[in-house]
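None of the figures in this text is laboratory data; all of them are computed from the coordinates on show. The structure presented is a predicted model; accordingly, all values stated were derived computationally and were not measured. Virtual Cβ from ideal backbone geometry, glycine too; neighbours counted across all protein chains shown.
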Amino acid sequence: MPEIYRFKRLIDKYSVSFQLEIESAGAFNHIGEWVEGAPVTTSHTGALLPLTQRQIYQSGGRLTDADRTLIISKSVVIPPKAKIDYKGKTYHVEAMIPFEDYGDFNSYTLKHVSAFNEVAP
């Protein structure tokens, strides 16, 4: 088994607080009616970093300067399409890059959602 590199101290040094909103799964109630899931918001910390110019270039225009990379402890599992709010900006989790075989963290690509892209309720 390969040795796992410990990045917790470095991640903690550059961590910021953010809100993570995950849509809970829907379920049937006691009389058999479907009840839609509700959003569950929790607070977390992680390193929110700007993308490198190389990442932006290699994305073929899919990613921009407004998007971010989130590096967070592997104990926190974030599903795709979860919503992250940080400093008044909203991001959706687009992809996870697993590093748990080599380090004590995972990396997530976050896509910035502008006010024009959000759907009104």
Problem set entry | Proxy reagent accessibility, fewest Cβ within 10 Å first, across His30, His112 | His30, His112
Problem set entry | Pairwise label distance in nanometres, Asp104 with Lys74, each label 7 Å out on the Cα-Cβ vector | 1.1
Problem set entry | the chain - percent relative contact order, Cα under 8 Å, separation 6 or more | 26
Seminar exercise, completed: Rounded to one decimal in Å, the inverse mean reciprocal Cα-Cα distance for segment 1-114, i.e. its Kirkwood radius, is 15.5
Problem set entry | Rounded to whole Hz, the Karplus (6.51, -1.76, 1.60) HN-Hα couplings of segment 104-109, x for glycine and proline | 9, 8, 10, 10, 10, 8
Seminar exercise, completed: Long-range amide H partners of Ser107, meaning residues 5 or more apart or on another chain whose placed amide H is closer than 5 Å, are Ile97, Phe99
For this session: Using only the Cα atoms of segment 1-47, build the gyration tensor, take square roots of its eigenvalues as a ≥ b ≥ c, and label the shape rounded, prolate or oblate: rounded if a/c is under 1.5, else prolate if a/b is larger than b/c, else oblate.
Result: oblate
Seminar exercise, completed: For the chain, the dipole about the Cα centre with charges only on Cβ (Lys and Arg +1, Asp and Glu -1), to the nearest 20 debye, works out at 500
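Out of segment 41-86, which trypsin sites (Lys or Arg not before Pro) are coil in DSSP terms and have no more than 12 other C-beta atoms within 10 Å?
Taking segment 41-86 and a limit of 12 other Cβ atoms within 10 Å, the loop trypsin sites (Lys or Arg not before Pro) found are Arg62, Lys81.
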For this session: Per DSSP H run of at least 4 residues, take -39500 (n - 2.57); add these up for the chain, divide by its residues and hand me the 222 nm value, nearest 500 deg cm²/dmol.
Result: -2000 deg cm²/dmol
